[in-house]
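The values are calculated or read from the model by the stated rules, or taken from the named source; none is laboratory data. Remember, it's a predicted structure, so these values are computed and weren't measured experimentally. Glycine gets a Cβ as well: all are built from the backbone with ideal geometry, and neighbour counts include every protein chain shown. Surface areas here come from the heavy atoms of the whole protein model, side chains and all, with no ligands, DNA or RNA. Shrake-Rupley method; radii C 1.70, N 1.55, O 1.52, S 1.80 Å.
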Number of protein chains: 2
Amino acid sequence: MNKESSNIRIIDIAEMAGVSVGTVDRVIHNRGRVSEENEKKVKAILEKANYQPNLMARSLASKKQYHFIAITPSFEPGEYWEAISEGIDKAASETELYNINVTKLFFDQYDNSTFDVIVRNLFDKEEIDGVLIATLFTDSVSRLSRMLDIRNIPYVYVDSNIAGEHQLAYFGTESFDAGFIAAKLLTSQIGNQPDILISRIIHNGKNDSNQGRNRKEGFLQYLNENGFGGKLHEVELKIADSEYNFAKLDKIFYDNPRIEGAVIFNSTCYILGNYLKERELKNIKLVGYDLIDKNTELLSEGVITALIAQRPEQQGYNGIKSLCNHLVLKQNPEKVNLMPIDILIKENLKYYLNNKL
Amino acid sequence: MNKESSNIRIIDIAEMAGVSVGTVDRVIHNRGRVSEENEKKVKAILEKANYQPNLMARSLASKKQYHFIAITPSFEPGEYWEAISEGIDKAASETELYNINVTKLFFDQYDNSTFDVIVRNLFDKEEIDGVLIATLFTDSVSRLSRMLDIRNIPYVYVDSNIAGEHQLAYFGTESFDAGFIAAKLLTSQIGNQPDILISRIIHNGKNDSNQGRNRKEGFLQYLNENGFGGKLHEVELKIADSEYNFAKLDKIFYDNPRIEGAVIFNSTCYILGNYLKERELKNIKLVGYDLIDKNTELLSEGVITALIAQRPEQQGYNGIKSLCNHLVLKQNPEKVNLMPIDILIKENLKYYLNNKL
């Protein structure tokens, strides 16, 4: 469907045909009296313009209200989840006119129980017509998915996919491959012999993030397939305690002088980057994820070697739009929509940032 | 501007307000008699919908015809310039309704004189309102640009930029940086000591492609800045004579066993790739440009190490759209529009191809 031409307005058709808008209206709805000549002129233009009834506007006229819920992690300005949230906002503002309302609910990405609290209270209040879910906590998301299945409420996943559920659609990357690629980028810098440090952020609750786990599996798989001969070391850091982190990292780098590479499977690569910069450990190559400001600065400075990005704005935007298209236009999306896995280095970063959604 | 809401049609507004289309028309044009109540209802909806007069459609009604010329290299199916041409076609089909007509003229990218022939005959026939130019041959493009300046005809560049001209806009990559990045990718694989083979395709005429020259400069600059200690070898290949090419390459690889890396600064990386595959030279790392089918196959197979892409469809599409917006909507584009420099390896290729324009 040619988008622009199908959006042509009755007033434009009237001008082109040299008839009144009332005449065009009568031809479109096949009612009232129109001269044969005028009918012919109008129909020719309708055909040329690929005119189609506007379903969106029809639904608007129907006064049906839709209420969507988006459940994603909370964020400080500049953090990763801000980008997903911006995509959601953009889609929400575009669909607002069609009586779609989006409520955003936030949980703490380092505390599984905060997600469960949202789920527990979800069905208490208003009617819900669709849900967007950031799938960090696999078990909790599966539980929520079954509750939505029972109620016949469509839901979409963003961030990482979960198999065996009935999501309307998934928008995100193949996390395993994103981990595989990180290992390739890192070992292309340090070779196969040095040790690698894997960092993670300490969580509350038993669950590690679904995406982080899949990325790590992909990372290990690459090393395994490609004859990696170094040792892997793991360190747990705190999201907001740099004194604690520096002490931990000082010790592990002192104890393991063969570490030449480092990776972290969420967007907090800057925590390690700031340490490396402060300690002037220029021989350590660091690979991470996501173009949040704190990361892109360190990439520009050469402290971070490479970042892998996954178009988060588009995930949030496409997620909400697909719920809207499903409910209003009766169009079903592809079930799995894999975003590009973009590779950013110091030299192509600025061009990428210039061309965001 | 919110695109969807500004495209709302008079018929939709009428339905929402519960009035006739004639009433909406009278309110919009502030003519004829409308009850105060209806005027209020219609105006409230116009405001909510961010209604704006449709300049595109106005121009259509004005019956003014626009004729654009796109001058790009000819291509076989699957070759690089097909993608630019597809972008041009997409923009042409979207703007056709507004009386814009695009004529595509093709030259031989390996023969400067074929471009000059097009220029010589360009102003013989119809009126021209705008020109899109693929800037392969710098001197010839500069000459054409001055001819267009005199005639006050706007023109846009795609592929690579030329400084000091009066182009309305440029859509493409920073070729120098795309070369710089190729060197970084290649030396991250082979290190700083082995020799590198630089291939080029033999041209007719004095001019090497503008883009190829800029990429090569960037490539050499990176090696220079990063202590490259190997030797550079150059080889000239023919676009369609694999017997000739194989003989040339056999000799140069035999004579120079220290060559471990290879690069070519246009889209014909597959010529070298096919040779490496046939001769089973698995230790040679090859970096090239552009996601044409022959290249992506070899990337998937691991024969090519990395490809750099620059969204050619979007260059062609944006080029034509910007001429249209300039002439019809009186909107001026940014003068320099740098596309992302995308890095593709075997592992992220398929996700990228899934998400094209």
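Using a cutoff of 8 angstrom between alpha carbon atoms and counting only pairs six or more residues apart, the relative contact order for chain A works out to 18 percent. Counting from the shortest, the label point at B:GLU280, 7 Å from Cα toward Cβ, is 5.1 nm from the same position in each remaining copy. For B:CYS324, the solvent-accessible surface computed with a 1.4 Å probe is close to 0 Å², ligands and nucleic acids excluded.
Note on B:TYR244: accessible area is roughly 70 Å² with a 1.4 Å probe, heavy atoms of protein only.
Heavy-atom accessible area for B:SER35, with the other protein chains in place and a 1.4 Å probe, reaches approximately 60 Å². Summed over both chains, the area buried between B and A is near 4900 Å², taken from the accessible surface of protein heavy atoms with a 1.4 Å probe. Position A:HIS166: other-copy label points at 6.6 nm, ordered by increasing distance, label point 7 Å along Cα→C-beta. Straight-line cross-link reach from A:LYS251 at under 28 Å between alpha-carbon atoms covers these lysines, not counting any fewer than eight positions away in the same chain: A:LYS184, A:LYS206, A:LYS216, A:LYS231, A:LYS238, A:LYS277, A:LYS282, A:LYS285, A:LYS294. If only the Cβ of Lys and Arg carry +1 and only the Cβ of Asp and Glu carry -1, the dipole of the stretch A:173-307 around its Cα centre is close to 200 debye. Once backbone amide H atoms are built at 1.01 Å from N, A:ASN161 has A:SER175 as its partners under 5 Å, excluding neighbours fewer than 5 places away on the same chain. A straight Cα-to-Cα reach below 29 Å connects B:LYS41 with the lysines A:LYS3, A:LYS63, A:LYS64, A:LYS90, A:LYS321, B:LYS3, residues fewer than 8 places away in its own chain not being considered.
For chain B, the gyration tensor built on C-alpha atoms gives a prolate shape. Its axis ratio a/c (a ≥ b ≥ c) is at least 1.5, and a/b is the larger of a/b and b/c. The angle between the Cα long axis of helix B:312-328 and the main principal axis of chain B comes to about 30°, on a 0 to 90 degree scale. State whether the protein assembly as shown is rounded, prolate or oblate according to the following rule on the C-alpha gyration tensor (a ≥ b ≥ c being the square roots of its eigenvalues): a/c under 1.5 gives rounded; otherwise a/b larger than b/c gives prolate, and the remaining case gives oblate. It is oblate, given that a/c is not under 1.5 and a/b is not larger than b/c.
Dipole orientation for the protein assembly as shown: of the candidates A:PRO333, B:THR173, A:ILE190, A:PRO333 has the Cα lying most toward the positive pole (charges on Cβ; Lys, Arg +1; Asp, Glu -1). With all protein chains in place and ligands, DNA and RNA left out, the 1.4 Å accessible area ranks B:TYR222, B:TYR155, A:TYR254 as A:TYR254, B:TYR222, B:TYR155, largest first.
These residues, A:GLU313, A:GLU278, go from largest to smallest accessible area, 1.4 Å probe, as A:GLU278, A:GLU313. Rounded to the nearest 10 degrees, the angle from helix A:36-48 to the longest Cα principal axis of chain A is 10 degrees. Beta bridges per DSSP, both residues in the protein assembly as shown: antiparallel share near 5 percent. Take B:ASP149, move 7 Å from Cα toward the beta carbon, and the resulting point lies 6.9 nm from the same point in each other copy, nearest first. Counting only DSSP H runs of at least 4 residues, each contributing -39500 (n - 2.57), and dividing by the residue count of chain B, the helix-based mean residue ellipticity at 222 nm comes to -14500 deg cm²/dmol. The C-alpha atoms of chain B define a longest principal axis, and helix B:242-255 lies at about 50 degrees to it. Kindly list the residues of the stretch B:129-146 that lie in the label zone of B:LEU220, defined by a backbone N under 16 Å from the point 7 Å along the Cα-to-C-beta vector. Under 16 Å, as judged by backbone N against the label point of B:LEU220, lies no residue of the stretch B:129-146.
Largest accessible area first, the listed residues B:LYS350, A:LYS248 line up as B:LYS350, A:LYS248 when surface is computed with a 1.4 Å probe on the assembled protein chains.
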